[in-house]
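For reference, the structure discussed in these notes is given below.
The values are calculated or read from the model by the stated rules, or taken from the named source; none is laboratory data. Being a predicted model, the structure only gives us computed values, none of them experimental. Methodologically, a virtual Cβ is constructed for each residue, glycine included, from the backbone with ideal geometry; neighbour enumeration extends over all protein chains shown. Each accessible area value is taken on the protein alone, full model and side chains, heavy atoms only, with ligands, DNA and RNA left out. Shrake-Rupley method; radii C 1.70, N 1.55, O 1.52, S 1.80 Å.
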Amino acid sequence: MTLRTTFPGSWWPYADLHQDLARYHRGELTRDQGISVIDQCATRAISEQKEFGFNEWTGGEYFADTFVVHAPRCLTGVIIDRLPEPDGFDYDDMGHVSIVGNIDAPDGLGYAEAFRRENALPGGVTKATVISPFEIVATALHTHLEAFEAQLPNLCRIVNTEIKALAEAGCPHIQLDAPIVGARINDGRLTSKQAATIISDCFEGVTGVIRGLHLRNGNNRGRPGGSVLRNSTWVPLLRELDGVIDIAHLEASYFSEYLERGAFKDLPRDMQLAAGIVDEANYWIEPIKKIKERAADWSRVVGEERFWLAPSCGFGRHSAREGDREVLRAKMTNLAEAAATF
C-alpha cells in the first residue's frame, strides 16, 4: 500500500522573501505589508507540499517568529527583558521572558487567525499547529519555574481557546507542538500523568477534528534541547491520552529511538502513529531504500493502517540559503517516493 504522509508544521524559508519576513517580525512593516509577505510564503509552501503528494499540508507557520519567539508578544503578565539575537545560534539566543503577573492572551496566539487567512489561499490548509503551555513562555522556565507552575492553568486555557478557535474555523487537523514535554519526560522532570493532564486540558471540549500531538526532544540549529534521546518513554503518556489524541507525531530519526520501536506495540488501538523518520536536522539525505526499511520496521509494530510517514520536525529554523533548501527538498523527494512505492 502507499503510506500516508504528513508534515509537522513550519516549511522552509525563501531567500527572496526572507529579509522582508524578518522585517515584519521586527515590526518594521505595516500589518498589510507583513500579511502580503506571509501570504506569499504560505502560498508557495502549500503548493510545494501538495506537489510532494503529502496527504496533509500546512501554511508553513511563517507568521510565527522562530517557532516560539512570537508568543510572548501576544501575552499580558510577562515582560520581555531580553530580546532574541537577530542571528540566534543556540537556545540562549532566544531572549528571556519574566513572568510578572497573571498571564493572558487577549487577542489569541495568532494560529487561528493565520489558519483563517491561509485557508483562503489556493489549495487551502488541512493541518495547523499550536504550541503547548511550556513553549508559550519557554525562555522563562529556567528562571521562573515556580511562577510558570502558578500560571499553568491560565496557559492551558490560552492554548485551549486557540485550539477551539481553530476547530470553529474548520481546521481538519489541529496539532499540539510539545517538544518541551517530550524532553522533560525524558529528563525526569515531568511524569506521564502530569503531562497527560496538561495536554488533556489543552484539548478540553474539542471535538469533530483530528487531534494531534507532536513530541520530540527539541531542535535548534540541529541540536536537541533534551539530554536523553529516547521515545519509548512517551508510550505511557500516549496511553494516558487514549481518547484525547488521535495521531501522535513522534521524533523517530535517532538510531536510539529506532531501536525502541517495539515499545509502541502498546500504543492505544485507536491512536495512529506518524513516525518522524526523516531527520530534518541532519543534512545527510536519507536514501529511499533506508526510509522504506525503517518505515517497514515501524509499521510492523503498529500496523500499516495506523502508520504515517513524516519528517522529524519542521523546517522553520533552517537558513534561507539555497543549498540548505535543496538538501531539504531532496529529503522530502525521497520521503515522498518511499511512501508512494512502499
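Things worth noting here:
- Remark on V78: its backbone amide H falls under 5 Å from those of V100, a criterion applied only to residues 5 or more positions apart or on other chains, H modelled at 1.01 Å from N.
- Diffusion coefficient, µm² s⁻¹, Stokes-Einstein with Kirkwood Rh over alpha-carbon pairs of region 283-342 at 10 °C and 1.306 mPa s: 127 µm²/s
- FRET efficiency for the R26 to A150 pair, using the beta carbon distance and R₀ = 41 Å, is estimated at 0.80.
- Peptides 73-80, 207-214, ordered by how many other C-beta atoms sit within 10 Å of their residues on average, highest first, read 207-214, 73-80.
- For region 196-342, the percent of C-alpha pairs falling in each 10 Å distance bin, counted from 0 to the bin holding the largest distance, reads 11, 40, 35, 13, 1.
- Pairs of alpha carbons in region 100-197 separated by more than 19 Å make up 47% of all such pairs.
- Applied to region 192-208, the Karplus parametrisation 6.51 cos²θ - 1.76 cosθ + 1.60 on θ = phi - 60° returns per-residue 3J(HN,Hα) values of 4, 5, 4, 5, 5, 5, 4, 5, 4, 5, 5, 9, 4, x, 9, 9, x Hz, with x for Gly and Pro.
- For region 280-289, 3J(HN,Hα) computed residue by residue from phi via the Karplus equation (6.51, -1.76, 1.60; θ = phi - 60°) reads 6, 8, 10, 8, 7, 8, 5, x, 4, 4 Hz, glycine and proline entered as x.
- Proximity of backbone amide H atoms, modeled 1.01 Å from N, is registered between V278 and A310, S312 at under 5 Å, excluding neighbours fewer than 5 places apart on the same chain.
- Here's how it looks for T126: its modeled amide H is under 5 Å from those of W57, which are all 5 or more places away or on a different chain.
- The helix-based estimate of mean residue ellipticity at 222 nm for the chain, built from -39,500 (n - 2.57) per DSSP H run of four or more residues and divided by its residue count, is -12000 deg cm²/dmol to the nearest 500.
- In the assembled protein chains, H96 presents an accessible area of approximately 30 Å² (probe radius 1.4 Å).
- Overall size of the chain from C-alpha positions, given as principal axis extents largest first: 50, 45, 37 Å.
- Most mobile of Q175, Q194, Q49 in a GNM of the chain (Cα contacts under 10 Å): Q194
- Residues of type aspartates and glutamates that K292 reaches as a straight line, Cα spacing below 15 Å, ignoring anything fewer than 8 places off in the same chain: D279, E304, E337
- Hull-based mean projected area of region 7-139, where the convex hull spans the alpha carbons, in square nanometres: 8.3 nm²
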